[in-house]
Amino acid sequence: MKKIIYFIIFIALLFVLYKPIKEKLGISVEEKFLYEDILNTINDKKVEVDRFTIYGKHLNLEGTLPNNDSYTLVLKNNEEEINVDTIVNDNKFSLAKHINEGLDLELLKNGDYIFLLKNKTNEDYYNLINKTDYHNNIYYTITKNKKNNKITFPELTFNDINYWTINIKEEKLPSDVYDVVIDPGHGGVDTGAGNGSYHESKFTLEYSKALYDALTEEGLKVKLTREDGNAIEHYGEGSRTGIPYETKAKLMLSIHLNSSNGKDQNGVEIYKAYNDNNDYAKIIAKNIVDEVGINYSINTMHQVDKGVYMRVYSKYDIEVLNNEAKRNNYEPFDIPDNATYYYFIRETGGILTNAFSDGRNPKYKENLYRKYNQAVEAYLCELAYISNSKDLKLILNNQNQFVKALKNSVLAYFQNTNVES
Ligand SMILES: [Zn+2]
């Protein structure tokens, strides 16, 4: 009997010690290194990446090529190869023209992949080398059935060959990470637009809270920038522009009501960043028009599509800023070309939307996150004109329809699977 027990203990010890012993001896006969074949064929063929960004759910890479041939981005391991088209121009490649396009991170399956470029003509592979200042990005996929994937981008070395990888694995969402941010416009003494006793800031809060409930019911993790009538800081930790970065949210809708001196002016206007394509803004506008029965705005200023608007700094806007700098004794901002005018679109997009608020204007704190390469995709939703009597009636009576349209728009963002592969 004793012999049998000793034997069982011996076998159990073997099991426990097998892995450490094996590791010490460096034996890994059956566990072949995942990228060995690939890396051996590549040797030192490499392409340097000088821009690496994540906007909303889309990843983009840009870099310098050895020639002007056609290339595909390849995510590869020993089991599969995913090909993503690239745009080649002047010996440079990128994945997309607009910041809200590129590789849809929501569509990737769990696994480890190496990032490569493949020359379409001779099928040569090139290693991608991350030459940017950004090396520690973490992306969490949107909550689906209470589950999330964590995506990281480890840079590794094998036989002195540097290579870049993408790792996707299921992981619980940290408590401070959210899927979506809803921003009720204005707050505190800033009540926004008004009509008689009706104030914008009260409606935006009411609507946002209803939208929060509707999205939470769909299983999404939602963060409101403000939960009561109090004002909120524009910049800094826990602020309107800080929260989207801090929560690693993918999508932010800022809820507003419009106003005009012209009492006939009415309808929906969705504002986007200057370098977004119009597709998603169009979806939001159409959902609202269809669900609520309101019309597309008749305002043509800053209009880029039906219901879609984009405002950039005009020469006049820049002059106003410069005069303010002069009055308050600080060096004027160097406003980049096509800078998006509305701060909660521009300043929430990091380097992607050319965020520039560095605190030189004593009226506002510094945007601590303006140099981030990973940012939320933000839209400013002017749901209706509070100054128009027909629209005001809809605002007062059709809250459910507005909220349903916004909820369906958020759901559409994560269901849209127009991947470019
Ligand atoms: Zn507003």
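The values are calculated or read from the model by the stated rules, or taken from the named source; none is laboratory data. Bear in mind the structure is a predicted one, so any value in this text is a computation, not a measurement. Neighbour counts run over all protein chains shown; Cβ positions are idealised from the backbone, glycine included.
Annotations for the structure displayed:
- Strands (runs of 3 or more DSSP E) enclosed by the range 184-272 - at least 1 residues per element that are in contact with a strand residue (DSSP E or B) (Cβ under 9 Å, 6 or more places away or on another chain) and farther than 30 Å from residue 138 by Cα: 251-258, 269-271
- For first residues located in the range 331-357 and more than 25 Å from residue 246 (Cα to Cα) and in the same structural domain as residue 52 (by TED's automatic domain parsing), partners that are at pLDDT 95 or above and hydrophobic (A, V, I, L, M, F, W, C) and lie 6+ apart or on another chain with Cβ distances below 9 Å do not occur.
- Within the range 298-305, one or more residues are exposed (fewer than 15 other Cβ atoms within 10 Å of the Cβ) and not β-branched (Val, Ile, Thr).
- Count of the range 191-210 residues, restricted to those that are within 16 Å of the ligand (Cβ to nearest atom), within 19 Å of residue 400 (Cα to Cα) and of a type in the set (A, V, I, L, M, F, W, C), is 2.
- Pairs are defined by a Cβ separation below 7 Å, a sequence spacing of at least 6 or placement on different chains, a first member in the range 402-421 that is closer than 15 Å to residue 214 by Cβ and at pLDDT 95 or above, and a second member that is among the aromatic types (Phe, Trp, Tyr) and assigned to a helix (DSSP H, G or I); the pairs so defined are 402/207; 403/207; 413/280.
- From 127, 148, 119, residue being closer than 26 Å to residue 216 by Cβ, surrounded by 17 or more Cβ atoms within 10 Å (Cβ to Cβ) and polar (S, T, N, Q): 148
- Breaking point among (1) away from the ligand (no atom under 13 Å from the Cβ); (2) within 26 Å of residue 414 (Cβ to Cβ); (3) among the small types (Gly, Ala, Ser); (4) touching a residue at least 24 places away in the same chain (Cβ under 8 Å), for residue 254: (1)
- Hits in the range 154-183 - residues which are touching a residue at least 60 places away in the same chain (Cβ under 8 Å), in a loop (DSSP other than H, G, I, E, B) and surrounded by 15 or more Cβ atoms within 10 Å (Cβ to Cβ): 177, 178, 179
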